[in-house]
Amino acid sequence: MGRNVKITLINNTDYNWELSSKDVKHGKFQKNKEPLKTIPGGSQMTFEVSNKVGAKIGPKGSVTYIMQDSNEAKIVTTWNHPFSSATSKYACYSVTEGLISSSMSPHNPTGHDQSITFNVKQNVLADS
């Protein structure tokens, strides 16, 4: 029984995102469904991960993008979809605190196969 995760990132910022790094532990990206090198502002992309065949542990990992022309701010997406009955965990955040906000849907994913969407918006930061 697989542990599959489909993650969609919606880039509702004014910046193009360039792939900086990707890492999967206890799993793999699905062929032809890896993170795109670029996510233009106002667009979205989806990638998929699963556990390795025969592995009794679910996929865990992260994908990091750099927001071009925004002082190189980083957007990080993480997932941990354990094989046991433990709750899966997902997050999407900026390394620069408060730069973005993201909403996740569904809020409480369940099941062996999960589909997660992060709608990422740029926050308006006040000048110091």
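Each value in this text was obtained by applying a stated rule to the coordinates, not by laboratory testing. All values derive from a computational prediction rather than experimental measurement. Counting neighbours? That spans all protein chains shown, and the Cβs are built from the backbone with ideal geometry, glycine included.
Just going by the charge dipole of the chain, with Lys and Arg at +1 and Asp and Glu at -1 on Cβ, which of Val95, Gly42, Phe83 is farthest out on the positive end? With unit charges placed on the Cβ atoms, the residue in question is Phe83. Amide H contacts of Gly27 (H built 1.01 Å from N, in plane; Pro and chain starts excluded): Lys52, Lys60 sit under 5 Å, all sequence-distant by 5 or more or on other chains. Translational diffusion of region 2-57, estimated by Stokes-Einstein from the Kirkwood radius over alpha carbon pairs at 20 °C in a medium of 1.002 mPa s, is 174 µm² per second.
Springs between Cα atoms under 10 Å define the GNM used for the chain, and in it the highest mean-square fluctuation of Asn12, Asn80, Asn32 occurs at Asn32. Mean-square fluctuation check for the chain, GNM, Cα pairs under 10 Å: which of Gly27, Gly111, Gly58 is largest? The residue that fluctuates most here is Gly111.
Please list the equivalent ellipsoid semi-axes of region 42-128, computed as the square roots of five times the alpha-carbon gyration tensor eigenvalues, in descending order and whole angstrom.
29, 13, 11
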